[in-house]
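Report on the following structure.
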There are 2 protein chains.
Amino acid sequence: MSGIPGFEPVELERSYLLLNHGPTVLVGSAHAGRRNVMAAAWAMPLDFSPPKMLVVIDKSVYSRELIEASGEFTLCVPAREQAEAVVRVGTDSGRGCDKFEQAGLRALPASKIGAPLVADSLACLECKVVPEPHNQKRYDLFIGEVVAAWADPRVFSGNRWHFTDDARRSIHYVAGGTFFATGQAFSVPTGK
Amino acid sequence: MSGIPGFEPVELERSYLLLNHGPTVLVGSAHAGRRNVMAAAWAMPLDFSPPKMLVVIDKSVYSRELIEASGEFTLCVPAREQAEAVVRVGTDSGRGCDKFEQAGLRALPASKIGAPLVADSLACLECKVVPEPHNQKRYDLFIGEVVAAWADPRVFSGNRWHFTDDARRSIHYVAGGTFFATGQAFSVPTGK
């Protein structure tokens, strides 16, 4: 697996941990020389092994065209310091412009697919669409099998998140430009 | 709509806000005089109107039988002070016991369906299964249409969350008994 600047690889079987706590994600897509990035609050793991993720991509958005044409997408976990860009790419359309540039985000080449990763995000998943035409058409619901996973080792290593800098916490979208930051970690007995 | 002690109704069209930030949920189910409750980190909104939710329910768990037999389930958002019970109902099986009692949780009757709500949770959604046999069988994925929604007005009112007491924040499961609490709220300009 080739390296990605600023990221270390995450074992595929543990890649669900990157989305298990429900952060808002950025969805990267590309096809035929065009690329795009959008925000999605509705993304989550679907399976551990092989790891699969769900994401809802509305029919009206440009990313949908690129994802359906290429059969690929990335899911990147943005940091709190990227929240303005998240709102921006969740509001504007990518038709006729480059949303990465417009929002001040930088694209990085992925390792196994053509869709771009988001530089300076906390973690990224490279996904290939598992075709389910009924779900896509009826529910705008896409399933992606994770083929590579990456995380910023300053916030995720040894298969666990360890946030220290508030600017580099993951975020959870609510509505109207409002988010929650991922808060305090705590543990309870598991009885095992 | 009949009242639920400790809760106020949430408009159906805004009920997605209860799960938009990705909290871990408790899934309530009942059929033929049996009831159960389990934990699910993999739940999220699927649509605004009519509001629909997704939840992953493994084939092996007892709740699955009750949900498939009844066509109903509830999704309740537990508070941090309920985290030990969340881990407990996420670990033990409900076959041959009452998991509410075992975990020290109290069930409340729902308003429109037979599945129980979880008392002292932050919010609850009453859902009717939208039958999608392929998704259920192949991906353990259930779609529920929200038919009633409730929230504790001390933490959610006027269509927004307002956490103040740390014991009454929502929680986000990671793994191995570890959670993140929902953290600080913040807003960024939306450009509108």
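Worth pointing out:
- Per the conditions (1) surrounded by fewer than 18 Cβ atoms within 10 Å (Cβ to Cβ); (2) under 19 Å from the mean Cα position of the chain (by Cα); (3) at the interface with another protein chain (Cβ under 9 Å from one of its Cβ atoms), the sole criterion not satisfied by residue B:145 is (3).
- Of the candidates A:103, A:148, A:107, A:119, the single residue that is out of contact with any strand residue (DSSP E or B) (no Cβ under 7 Å at 6 or more places or on another chain) and of a type in the set (Gly, Ala, Ser) is A:103.
- Residue ID - least open to solvent (accessible area, probe 1.4 Å), chosen from residues in segment A:124-136 that are of a type outside the set (Asp, Glu) and within 13 Å of another protein chain (Cβ to nearest Cβ): A:135
- The numbered conditions (1) modelled with pLDDT of 95 or more; (2) not in a strand (DSSP E or B) are all true for residue B:189 except (1).
- One residue stands out in segment A:28-45 among those that are outside any strand (DSSP E or B) and away from every other protein chain (no Cβ under 14 Å): the one that is nearest to residue A:100 (Cα to Cα), namely A:33.
- The condition of being open to solvent by 30 Å² or more (accessible area, probe 1.4 Å) and among the β-branched types (Val, Ile, Thr) holds for only one of A:190, A:182, that being A:190.
- Filter result (within 14 Å of chain B (Cβ to nearest Cβ), open to solvent by less than 10 Å² (accessible area, probe 1.4 Å) and farther than 28 Å from residue B:187 by Cβ) within segment A:46-98: A:46, A:51
- Check on residue A:5, surrounded by fewer than 24 Cβ atoms within 10 Å (Cβ to Cβ) and either touching a helix residue (DSSP H, G or I) at 6+ places or on another chain (Cβ under 8 Å) or in a strand (DSSP E or B) (or both): no
- Test: residue B:110 is in a loop (DSSP other than H, G, I, E, B) and in contact (Cβ under 8 Å) with a residue 24 or more places away in the chain: yes
The values are calculated or read from the model by the stated rules, or taken from the named source; none is laboratory data. Just so it is clear, the structure is predicted and the values come from calculations on it, not from any experiment. Quick reminder, even Gly has a Cβ in these numbers, built from the backbone with ideal geometry, and neighbours come from all protein chains shown. Note: accessible area is taken over every heavy atom of the protein model, side chains too, but ligands, DNA and RNA are not part of it. Shrake-Rupley method; radii C 1.70, N 1.55, O 1.52, S 1.80 Å.
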